[in-house]
Amino acid sequence: MSIEQQITAILGWCSVINIFLLFLAFIIVTLFQSQIVQLHARLFGLNKQEIPALYFEYLGHYKLLILIFNLVPYIAIKVVL
């Protein structure tokens, strides 16, 4: 296996793992929102009304990072090779 194929495989698996983690975080936040909001409000001293917006921001940033650092390089290498 050449170095290009190894990098492509690594980026592909990184993408799959990160998308799975994003989906898992979304499911957990959706299903257990009240428990998680209470926990984070106590741990970090946050207002309970602003925590769902922070979750939305977190998931959005994570999605952008997956696109920028995993999917775009993977697609670019696939197009070039």
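Where a number appears in this text, it was derived from the coordinates with a stated rule and is not lab data. If you're wondering where the values come from, they're calculated on a predicted model, not measured in any experiment. Neighbour counts are summed over all protein chains in view; Cβ atoms, including those assigned to glycine, are modelled from backbone coordinates with ideal geometry.
Kyte-Doolittle cut-off 0.5, length cut-off 20 Å along the helix's own axis using Cα: show which whole DSSP H helices in the chain pass. List each step's numbers first, then the result.
On the way: long enough: 3-31 (42 Å, 1.93); 51-66 (22 Å, 0.77).
TM-like helix candidates: 3-31, 51-66.
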Point to revise | GluC sites (Glu not before Pro) within the chain: DSSP coil, no more than 15 neighbouring Cβ in 10 Å | key: 50
Point to revise | More than 19 Å apart - percent of Cα-Cα pairs taken over the stretch 3-80 | key: 48
